[in-house]
Structure formats: C-alpha cells, structure tokens
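Chemist: Sharing a structure, written as structure tokens. Questions coming.
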Amino acid sequence: MAGPLQGIRVIELAGIGPGPFAGMMLADHGAEVIRVDRPGARIDARDPLLRGRRVIGVDLKSPQGRALVLDLVKGADALFEGFRPGVTERLGLGPADCHAVNPTLVYGRMTGWGQFGPYAHAAGHDINYIALAGALHGYGRAGDKPTPPINMVGDFGGGGMMLAFGMVSALLHAKTTGQGQVIDCAMTDGAAALMAMIWGFRANGIWRDERGVNLLDTGAHMYDTYACADGKFISIGSLEPQFYALLLEKTDLKDDPDFAAQMDAKRWPLLKDRLTALFATKTRDEWCAIMEMTDICFAPVLSMAEAPYHPHNAARQTFVEADGVMQPAPAPRYSATVTAAPRMTKAADTDAILADLGYDADKIGALKAAGTVR
C-alpha cells in the first residue's frame with residue numbers, strides 16, 4: 001500500500017480488539033503487515049480492523065511453526081503481540097528469541113495492565129483498564145453511575161493507537177541507531193495519558209473529582225447534548241465567550257439576564273433546564289438550519305447510519321466503502337505520501353508468504369501435511 005510507512009514490514013501475532021486496530025493503523029499508512037493467525041482461523045472479510053493485511057495460518061505451538069515465525073522475523077522491521085505476559089516466551093517467540101535472529105527488531109507488547117505490576121497476569125477488559133486509570137470515574141451524568149464510552153478509551157485510544165505510535169517511534173530509533181527494543185504498551189497507562197489535560201485542570205483547581213459537574217463533562221449548560229422535537233439530538237460546545245454570545249443570539253437569549261454569567265457553575269443546572277426546554281421546541285434539522293456551520297460550535301449528533309452521508313463527511317470522504325463494507329477511511333492524511341484506499345482481507349496468503357521466505361513446494365507441502373500451516 002502507498003503511505004509514509006511503505007517499505008516497513010510488520011509481523012502481527014493475531015489477537016482481538018486493540019492489537020488488530022494497531023495493525024490496521026500501520027497497514028493504512030503503508031506498512032506491509034503479515035498477520036500470523038491460527039491454522040484455519042476464519043477471516044472476517046467485513047471487519048475493517050483486519051483490512052490491508054496478508055495472512056498466514058501457523059501453529060505457534062509446534063517447533064516447525066516457531067521456526068517459520070522466526071524466519072518471518074529475520075526479514076521484518078517490527079513484530080507485535082497481545083498475549084498475557086510470558087506467553088510468547090513460553091512459545092519460544094519472546095523478545096530475546098526474536099532479537100537473537102534480528103537485533104534491530106521493534107517488538108511491541110499490547111496488554112491491559114502492562115508487563116509487570118500486581119494486576120499484570122489478571123484478565124480484564126477496556127472497562128476495567130479505564131476504571132483503574134482514573135478515567136472511567138469521570139464519564140457520566142451528575143449523580144449517576146460511571147458510564148463507559150463504549151471501548152474507545154482503553155482498547156483503541158489508550159491501547160491500539162498508543163501501540164502504533166510507540167512502534168513508529170521505536171522504528172525511527174532503530175533506523176537511526178540500529179538498535180531494536182521492546183514496547184510495553186499497557187491500556188491502563190495509555191488511558192491515564194489521555195487524561196493529561198484533566199489532571200492539569202485538577203492541579204489548577206478548575207476540575208472537581210466528581211462526575212457531571214465540570215466544564216467538559218456535561219456539567220455546563222453550554223457544553224452538552226440536547227434532545228430536539230423529533231427525538232434526535234444536537235451537540236453544543238460554546239465555551240469561548242464569543243461563541244457563547246453567538247449561541248445566545250441564535251437562540252434569542254442574548255438579552256436574558258439568566259444567561260449573562262456564563263461561568264457561574266451554581267447556575268448551570270437552571271440554565272441547562274432552560275436550554276433543554278428550548279431545544280425541544282424544534283427538530284434537529286430546524287436547529288441545523290439555524291446553527292450549522294457557524295461559530296457556535298455546533299453539530300448534529302449523527303448515527304452510524306447517518307454519518308457517512310453528511311455533506312462535510314462526504315466532501316472529505318471521511319468514510320469509504322470497500323468491498324461493500326462502509327467504514328472509516330485511513331486517518332490522518334498526508335500531502336506527499338497519500339494513503340491507498342482500504343483493501344479488505346478475505347483469505348490467507350499462506351503459499352505466497354512462504355514462497356517469499358524461499359520455501360520450495362516440497363517444504364510448503366510438508367508443513368501443510370503436518371498441520372503446521374494452512
């Protein structure tokens with residue numbers, strides 16, 4: 001694929017969720033990503049997380065499978081895995097094993113809790129990682145329980161994207177020094193890092209460690225979502241004074257004394273109730289006609305079915321259709337190394353990948369007969 005990572009080869013030891021997301025990011029931006037899956041594993045041709053890959057099915061528990069992966073490692077720039085700590089070491093594919101055949105290899109490790117610490121060997125999911133990181137506590141309405149933001153913050157923001165960033169950083173280091181290294185990417189660490197600005201607010205005394213009472217957590221009337229007359233929703237983010245003034249102008253509230261003290265947090269609940277009643281008087285489309293593409297900081301809340309067809313998203317091709325599957329396009333964009341359109345992964349490339357390694361037909365046949373590859 002085209003992109004700034006063209007010429008980089010990455011080995012992905014198959015996993016779910018954040019690992020494949022990191023692989024998607026790397027493949028989207030031009031890396032050749034070879035996904036090593038279980039023999040006979042089903043490839044979901046509708047899954048954007050698997051796009052852009054070459055796939056080979058390998059029995060990692062067999063000596064022949066281990067040797068095959070190490071052959072792949074010899075010609076690779078990077079490898080990443082998402083197993084619990086110690087699993088790849090037991091398979092003979094840990095960092096020391098891989099660096100013995102390729103000292104410049106970047107070895108990425110994706111886990112929820114990290115490679116060490118009291119929780120390191122425990123099972124978990126996104127909701128648990130962001131809970132321990134101090135992030136989940138802040139998501140939700142005042143007086144209500146914490147509400148997980150799907151699995152965006154731990155799995156994908158703090159996990160997969162952080163791993164992709166770490167691998168590219170380590171690849172740059174390897175290129176300049178000839179030295180490979182290991183990346184310990186923990187979703188707890190990544191989720192905590194995503195909260196850096198909020199920690200700064202807290203240090204400066206402008207953030208209460210309480211849900212739904214702060215400027216950016218739906219505590220403020222000018223930063224929230226509101227239901228419209230048709231049951232659809234709009235989003236308002238009028239934080240800056242000039243944007244807030246325009247909000248009041250477009251809602252005919254500019255002369256209302258209740259709204260004059262924008263940052264008086266004690267009045268926010270009352271002002272929110274008033275805006276709730278006001279926004280419920282018109283449909284979402286009617287509010288769009290009044291506020292869309294202004295400096296109010298406004299946007300309609302679109303469903304997944306709607307988002308690809310909004311004029312702005314359509315103009316930018318934020319979403320694309322590949323092999324009949326609507327999905328987000330690669331992001332971000334580059335002026336010189338334009339990324340290619342997504343290509344869905346449909347089937348394993350076992351024979352071609354083995355041929356690239358120099359395996360002849362007899363050896364490939366023997367590995368297939370033994371069930372080592374498929």
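The values are calculated or read from the model by the stated rules, or taken from the named source; none is laboratory data. Source: prediction; values computed, not measured. Here the Cβ is made from the backbone with ideal geometry for all residues, glycine too, and neighbour counts use every protein chain on show. Ligands, DNA and RNA are excluded from the accessible area calculation, which covers all protein heavy atoms including side chains. Shrake-Rupley method; radii C 1.70, N 1.55, O 1.52, S 1.80 Å.
Chemist: Looking at this structure, is Ala307 open to solvent by 50 Å² or more (accessible area, probe 1.4 Å), over 27 Å from Arg211 (Cα atoms) and at pLDDT 95 or above?
Modeler: Details: open to solvent by 50 Å² or more (accessible area, probe 1.4 Å): no; over 27 Å from Arg211 (Cα atoms): yes; at pLDDT 95 or above: yes.
Taking the combined requirement at face value, the residue does not satisfy it.
Chemist: For Ile16, work out the one condition from (1) surrounded by fewer than 24 Cβ atoms within 10 Å (Cβ to Cβ); (2) in contact with a helix residue (DSSP H, G or I) (Cβ under 8 Å, 6 or more places away or on another chain) it doesn't fulfil.
Modeler: (2)
Chemist: When you scan region 163-179, do you find a residue that is hydrophobic (A, V, I, L, M, F, W, C) and more than 25 Å from Pro4 (Cβ to Cβ), even just one?
Modeler: Residues of region 163-179 that are hydrophobic (A, V, I, L, M, F, W, C), as a first pass: 163-165, 167-168, 170-172, 174.
Checking the rest, the ones that are also more than 25 Å from Pro4 (Cβ to Cβ) come to none.
For region 163-179, residues hydrophobic (A, V, I, L, M, F, W, C) and more than 25 Å from Pro4 (Cβ to Cβ): absent.
Chemist: Same structure again: Can you name every residue in region 240-261 that is closer than 24 Å to Glu286 by Cβ and surrounded by 13 or more Cβ atoms within 10 Å (Cβ to Cβ)?
Modeler: Phe243, Tyr244, Ala245, Leu246, Leu247, Leu248, Glu249, Lys250, Thr251, Leu253, Lys254, Phe259
Chemist: If you take the residues of region 19-35 that are part of a helix (DSSP H, G or I) and out of contact with any Pro (no Cβ under 7 Å at 6 or more places or on another chain), which of them is surrounded by the fewest Cβ atoms within 10 Å (Cβ to Cβ)? Spell out the reasoning first.
Modeler: Step one: filter region 19-35 for residues part of a helix (DSSP H, G or I), giving 19-28.
With the extra rule that they be out of contact with any Pro (no Cβ under 7 Å at 6 or more places or on another chain), the set shrinks to 19-23, 25-27.
Details: Gly19: 27, Pro20: 24, Phe21: 21, Ala22: 30, Gly23: 29, Met25: 24, Leu26: 27, Ala27: 29.
Only one residue fits best here, namely Phe21.
Chemist: Would you mind telling me which numbered condition in (1) of a type outside the set (Gly, Ala, Ser); (2) in contact with a strand residue (DSSP E or B) (Cβ under 8 Å, 6 or more places away or on another chain); (3) buried (at least 17 other Cβ atoms within 10 Å of the Cβ) Arg343 fails?
Modeler: (3)
Chemist: Another question, then. Would you pick out the residues in region 86-122 that are part of a helix (DSSP H, G or I) and open to solvent by less than 10 Å² (accessible area, probe 1.4 Å)?
Modeler: So the first thing to find is which residues in region 86-122 are part of a helix (DSSP H, G or I), and the list is 87-91, 95-101.
Thr88, Cys98, listed by residue number.
Chemist: Sticking with this one: State which residue is nearest to Trp207 (Cα to Cα) when the search covers only region 263-292 and only residues that are assigned to a loop (DSSP other than H, G, I, E, B) and open to solvent by less than 60 Å² (accessible area, probe 1.4 Å). Don't jump to the end; show me each part of the working.
Modeler: Of all residues in region 263-292, those assigned to a loop (DSSP other than H, G, I, E, B) come to 263-264, 280-283, 292.
Checking the rest, the ones that are also open to solvent by less than 60 Å² (accessible area, probe 1.4 Å) come to 264, 280, 283, 292.
Values: Asp264: 14, Ala280: 30, Thr283: 34, Glu292: 30 Å.
Going through the qualifying residues, I end up with Asp264.
Chemist: Just name the residue that is surrounded by the fewest Cβ atoms within 10 Å (Cβ to Cβ) out of those in region 36-54 that are more than 23 Å from Ile8 (Cβ to Cβ) and free of Cβ contacts under 8 Å to residues at least 60 places away in the same chain.
Modeler: Let us first name the residues in region 36-54 that are more than 23 Å from Ile8 (Cβ to Cβ), namely 38-42, 44-46.
Now narrow it down to the ones that are free of Cβ contacts under 8 Å to residues at least 60 places away in the same chain: 38, 41-42, 44.
Working: Arg38: 13, Ala41: 15, Arg42: 7, Asp44: 12.
Across region 36-54, the extreme among qualifying residues is Arg42.
Chemist: Here is a list of conditions, (1) in contact with a helix residue (DSSP H, G or I) (Cβ under 6 Å, 6 or more places away or on another chain); (2) of a type in the set (D, E, K, R); (3) not in a loop (DSSP other than H, G, I, E, B), and Glu249 meets all of them except one; can you say which number that is?
Modeler: (1)
Chemist: Another question about this same structure. What do you reckon, is His125 farther than 30 Å from Gly178 by Cβ, touching a Pro at 6+ places or on another chain (Cβ under 8 Å) and open to solvent by 80 Å² or more (accessible area, probe 1.4 Å)? Write out each step before concluding.
Modeler: Values: farther than 30 Å from Gly178 by Cβ: yes; touching a Pro at 6+ places or on another chain (Cβ under 8 Å): no; open to solvent by 80 Å² or more (accessible area, probe 1.4 Å): yes.
No; evaluated as a whole, the condition is false for this residue.
Chemist: Hey, can you tell me all the residues within region 143-153 that are aliphatic (A, V, I, L, M) and open to solvent by less than 60 Å² (accessible area, probe 1.4 Å)?
Modeler: Of the residues in region 143-153, the ones aliphatic (A, V, I, L, M) are 150, 152-153.
If the condition is that a residue be aliphatic (A, V, I, L, M) and open to solvent by less than 60 Å² (accessible area, probe 1.4 Å), then Val153 is the only one that fits.
Chemist: Now a separate question. Hey, among the residues in region 190-206 that are under 27 Å from Thr276 (Cβ atoms) and within 26 Å of the chain's Cα centre (by Cα), which one's surrounded by the most Cβ atoms within 10 Å (Cβ to Cβ)?
Modeler: To start, the set of residues in region 190-206 that are under 27 Å from Thr276 (Cβ atoms) comprises 198, 201, 206.
Narrowing further to those that are within 26 Å of the chain's Cα centre (by Cα): 198, 201.
Working: Ile198: 18, Phe201: 16.
So the residue we want is Ile198.
Chemist: Here is a follow-up. Any residue that is open to solvent by less than 10 Å² (accessible area, probe 1.4 Å) and either outside any helix (DSSP H, G or I) or of a type in the set (Phe, Trp, Tyr) (or both) - is there at least one of those in region 66-76?
Modeler: Taking region 66-76 and keeping what is open to solvent by less than 10 Å² (accessible area, probe 1.4 Å), we get 68-69, 72-73, 76.
With the extra rule that they be either outside any helix (DSSP H, G or I) or of a type in the set (Phe, Trp, Tyr) (or both), the set shrinks to 76.
Yes: region 66-76 contains one or more residues that are open to solvent by less than 10 Å² (accessible area, probe 1.4 Å) and either outside any helix (DSSP H, G or I) or of a type in the set (Phe, Trp, Tyr) (or both).
Chemist: Right, next: Need the failing condition index for Ile56 against (1) within 17 Å of Ile183 (Cβ to Cβ); (2) part of a strand (DSSP E or B), just the number.
Modeler: Going through the list (1) within 17 Å of Ile183 (Cβ to Cβ); (2) part of a strand (DSSP E or B), Ile56 breaks only (1).
Chemist: Within region 138-148, is there a residue that is at pLDDT 95 or above and not in a loop (DSSP other than H, G, I, E, B)?
Modeler: yes
Chemist: If you check Phe319, Phe233, which single one turns out to be open to solvent by 30 Å² or more (accessible area, probe 1.4 Å), more than 29 Å from Trp199 (Cβ to Cβ), of a type in the set (Phe, Trp, Tyr) and in contact (Cβ under 8 Å) with a residue 60 or more places away in the chain?
Modeler: On the way: Phe319 fails: in contact (Cβ under 8 Å) with a residue 60 or more places away in the chain.
From the options Phe319, Phe233, the qualifying one is Phe233.
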